[in-house]
Every structure is written in C-alpha cells, then in structure tokens.
Amino acid sequence: MQAINASIGFDRKMWRQDIEGSLAHAAMLAHVGIISAEDEAAIRRGMAEIAQRIEAGGMEWDERLEDIHTHVEAALVALIGDAGKRLHTGRSRNDQVALDVRLWVRDAIDGLSGQITDVMRALVARAEEHAGTVMPGFTHLQPAQPVTFGHHMLAYVEMLSRDLSRFRDARARLNECPLGAAALAGTGFPVDRHMTAKALGFDGPTRNSLDSVASRDFAAEFLFACAMCATHLSRFAEEIVIWTNPYFGFVKLSDAFTTGSSIMPQKRNPDAAELVRGKTGRIFGALMGLLTVQKGLALTYFKDMQEDKEGIFDAAESLTLNLAAIAGMVRDMQPDAARLEAAAGAGFSTATDLADWLVRELKMPFRDAHHVTGRLVQKAEAKGCDLAGLSLAEMQAEEARITDAIYGVLTVQASVASRTSFGGTAPENVRRAAAEWREKLG
C-alpha cells in the first residue's frame, strides 16, 4: 500500500509551487483573522528555511509521508510547532494539489513559450539568410516545384506561432485559482479566495468547488499543446534526417549535433534529430494516458488523479529537450546552396511554369496547357534532358505558337521569382515575411 500510494518520488518537483501556495494561503488566513500575524510570520520564516533545504538537496524524502504536501507540512511543524499545524485551516490536499498542478503547468507554459520563441527567431534568421536560396519543394516526397530555403524555414515559423498561441490560450483558461474549494464543498471558514487568487497571479478564483478539485482538463489541454508542438518539431527533425543523408546532401550538421558509429568511422548520424522524433511518442502517450485516467471518474476527487503528474512532467521535460535540440540544429546546419539548386531543377519541376506561360501568353485554357506540357515532359524524358533542353522546334511540334520566350520561365530562379502571390515563395515575399516576424518576435 505504501508503494502504490506514495507520490513523493515524482510530485516533489512541485515543491516550489506548494510553498508558494501555502504562503499565499497563510497570508490570507492572517488577513481575515483565522490565524495570528505571529503565526503567519513564523510560517513564512519556516517556509524560507524549508525552501533553502530543498534547494540545497538537504530534504529527506520518505514514502511514509506520501506526497510533497505532507513533507512540507511535516517539516514546517518540526521547525515552528503549533503555528505550522494551523496552516492547513480552510483547505484540503484536494484543492492544494489542484493548485500546485496549475501553478506548475503555468510555469511550464511560460518556459516552453520562451523556447518556442527562440526557435522561431532562429528559423527567421536562417530565412533571411537564405531568402533567395532555391531548393526543391516536395509533395509525396517527390519533386514538385522549386521553392526557397527561406520560405521552407518560414513554414515552420508559422506552425510554431500556432503552437505558441495554443499554449497562451491554455494558460489563459487554466488561470483560475482552486484554492479554497477545500475537499470538494468549499469551507465554512471566512476565507478570501479572491485575495489568494490575486496573490498567486490568477485572474480570479474558480467558480465551482466540485469542478475545482475534480477537473484536469487544463492539464490535458497543456499536453495537447505539447503534442502538437512536438509533431511540428518531429516533422522538421525528419527533414533534417533526410537532408543530411549524403544521397540528398542538402544540409550538413557539425559534430555538435551528430554522433559517430561504434564501428564505422565515416558515419555522422543525426541522432539529435532522431531523438526529437522519438521523444514525440512519449508526449503523445502522456496525453492519451491523462485522457484515459479522467474518462471514468465521477465527481469529485479520486486517487486515480495522482497519475496526472508523471505524464505532465515527462512531456514538459521532453518538449524542453526537443525545442533546445531543434534550436541548436537550426543555427548549426549549413545548407549546400549549389546542391539545393541542382536538386530544385530535377523531376521537371518547372513544368507548371511552362503550363502557366501557355495560359498567360497564348490564352490557352489551363487544361489544354496541362496536356501540352505533359506531352513535352514525355518528350524530354525520352530525350534524357530537362524541359529547357528541348529545342524550340521540338516544342513547336506540340504547340506551334510557342516562342523562344518560353525559355525565360524554365529556370528554377525564374520559377521562384514568379511566385509573388501573398504567401508565395518569391524571395521578395520571404524577405518581407521574415522582417515582419523579426519585428513581432523582438
């Protein structure tokens, strides 16, 4: 029973939040006259000593005391006596743990938001540096149309901006204080819940005592935001794995973010990127675990809810590592501009530009232009050349009105330069978007 019941092995991560909540509760109890000013001062001195002890690694953790709340209270009573016993007046471990988890998740969101912003800044810097660097754009991992490396970087900036928004939304929704809900029904003591909420940086107290101790949807929302962000990072990590493969050779990573083989001295494995992919599974698992824990619980508190914390802690720590790794790799990687440009022209990637020229210059219906272009692609494949390698006569055999002006749109540089529609890959668009993001991110 002791082994299955104890949570101190993991919930001690919340010691700062537990002490912070207790200090706010003690100040409120003194303010409304439930405890004396002398008791509140003693509690404050005792908590400061306990915080120093934990910070220095001097706290002894004992499974018999179950959780962080009991440990802190026991240490406080040992230090200051009866004043420490009065601290728990008007609260329960149920609202206490609900508070601690909210505070911990809120702190985690603030830290992760800062990291996401850092990754975005790194991507914006590379986008500005490579606004005109041409690379292949893919659909189905097949060459599609030329794009710019800067445009590709900014795609992830957009994804991460939505992740940042999700974390901020989740923070706003969780920012209500459950302290004072007590076990489930509220308390008969004249507590001032608005005072403790304000002291702890919440927008206000929660409005229903049952919901206050029963709900962890704020934690599930946090985990979804983590999972979505991890998905975006994993997609980028997968591209790094592909790009660093010598058969692609699009970018190089230094030894700072790669590892060698135990027997093959020539290897440079993108292990940091691979681990970003791998840790994403842990974050998904934490989300599904918490949803499953909650799905069968009637109101209000059950011990099942002890299982919320390990997944939250692990997901936050995993995402912290993933963000740090991606930020480092973005700044470390060296794109091979020549290799990227050569690859950008592969697979008849300017075929759409040819079709667009037929529509624009010859007023041909797009479907007819599509068919003409398809036949020209077949002719180039048979000849073993790209579209620009076809002679004007060979092109005119398919469409007599084609002129030599067609060759002006068949380069990859011309292709990307023409994509000036809002959100398109044209270098001028990339520079403008990167500058806007740099200003937003500060």
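Summing charges over all other residues whose Cβ lies under 11 Å from the Cβ of Gly408, with Lys and Arg as +1 and Asp and Glu as -1, gives -3. Checking the table Lys279/Lys309; Lys13/Lys303; Lys13/Lys279; Lys85/Lys303; Lys13/Lys85; Lys198/Lys440 against a 26 Å threshold on Cα-Cα, which pairs fail? Table pairs above 26 Å Cα-Cα are Lys198/Lys440. Computed extension length for Leu362-Ile4: 121.2 nm, one decimal, from 0.36 nm per residue of separation with the Cα-Cα distance subtracted.
Distance from a point 7 Å along Cα→Cβ of Asp82 to each backbone N in the stretch 29-57: keep the residues under 20 Å and list them by number. In the stretch 29-57, the label zone of Asp82 (backbone N under 20 Å from the point 7 Å along Cα→Cβ) covers 29-47.
Derived from the Cα gyration tensor, the three semi-axes of the equivalent ellipsoid of the stretch 70-131 are 46, 12, 6 Å, largest first.
The fraction of all Cα pairs in the stretch 182-286 landing in successive 5 Å bins from 0 to the largest distance is 2, 10, 13, 13, 10, 8, 8, 7, 6, 6, 6, 5, 3, 1, 0, given as whole percents. Averaging Cα coordinates gives a centre for the stretch 234-279 and one for the stretch 34-97; these two points are 48 Å apart.
Leaving ligands, DNA and RNA out of it, report the carbon-plus-sulfur percent of the accessible area of the stretch 230-277 at a 1.4 Å probe.
Details: 1500 of 2680 Å².
The nonpolar share, carbon plus sulfur, comes to 56 percent.
Here r is the Cβ-Cβ distance between Lys252 and Trp61 and R0 is 51 Å; the resulting FRET efficiency, rounded to 0.05, is 0.65.
With the simple model of a label 7 Å out from the Cα in the direction of the Cβ, Ala393 to Met288 spans 6.4 nm.
Going highest first, how would you order 123-129, 390-396, 37-43 by mean Cβ packing within 10 Å?
Descending packing order for the listed peptides: 123-129, 37-43, 390-396.
Can you give me the Kirkwood hydrodynamic radius for the stretch 328-425, using every pair of distinct Cα atoms, in Å to one decimal? Kirkwood hydrodynamic radius for the stretch 328-425: 14.7 Å.
Averaging Cα coordinates gives a centre for the stretch 280-294 and one for the stretch 410-442; these two points are 38 Å apart. Each 10 Å bin from zero holds the following percent of Cα-Cα pairs in the stretch 92-222: 12, 30, 20, 15, 12, 9, 2. Could you please state, rounded to a whole Å, how far the C-alpha centre of the stretch 129-161 is from the C-alpha centre of the stretch 303-382? Cα centroid of the stretch 129-161 versus Cα centroid of the stretch 303-382: 5 Å apart. Here Asp404 and Glu439 are evaluated by their C-beta separation; at R0 = 45 Å the FRET efficiency comes out at 0.55. Using the 1.4 Å probe convention, the accessible area of the stretch 244-384 works out to 53 Å² per residue with neighbouring protein chains retained. The portion of the accessible surface of the stretch 292-369 made up by carbon and sulfur, rounded to a whole percent, is 54 (1.4 Å probe; DNA, RNA and ligands excluded).
Kirkwood radius for the chain, taken over all pairs of different Cα atoms as the inverse mean of 1/r, rounds to 25.9 Å. When the trypsin sites (Lys or Arg not before Pro) in the stretch 151-208 are filtered for DSSP coil states and for at most 16 other beta-carbon atoms within 10 Å of their beta-carbon, the remaining sites are Arg207.
In square angstrom, what is the accessible area per residue of the stretch 35-114 with a 1.4 angstrom probe? It amounts to 43 Å² per residue over the stretch 35-114. Sites counted here are chymotrypsin sites (Phe, Trp or Tyr not before Pro) in a DSSP loop (not H, G, I, E or B) having no more than 11 other Cβ atoms within 10 Å; the longest part of the chain that contains none of them is 1-246.
A simple spin-label model places pseudo-atoms 7 Å from Cα toward Cβ; at Ala185 and Lys295 they are separated by 3.3 nm.
The values are calculated or read from the model by the stated rules, or taken from the named source; none is laboratory data. In this text the structure is predicted, and so the values were computed from the model without any measurement. Here Cβ is always computed from backbone atoms with ideal geometry, including for glycine, and neighbour counts include all displayed protein chains. Ligands, DNA and RNA are excluded from the accessible area calculation, which covers all protein heavy atoms including side chains. Shrake-Rupley method; radii C 1.70, N 1.55, O 1.52, S 1.80 Å.
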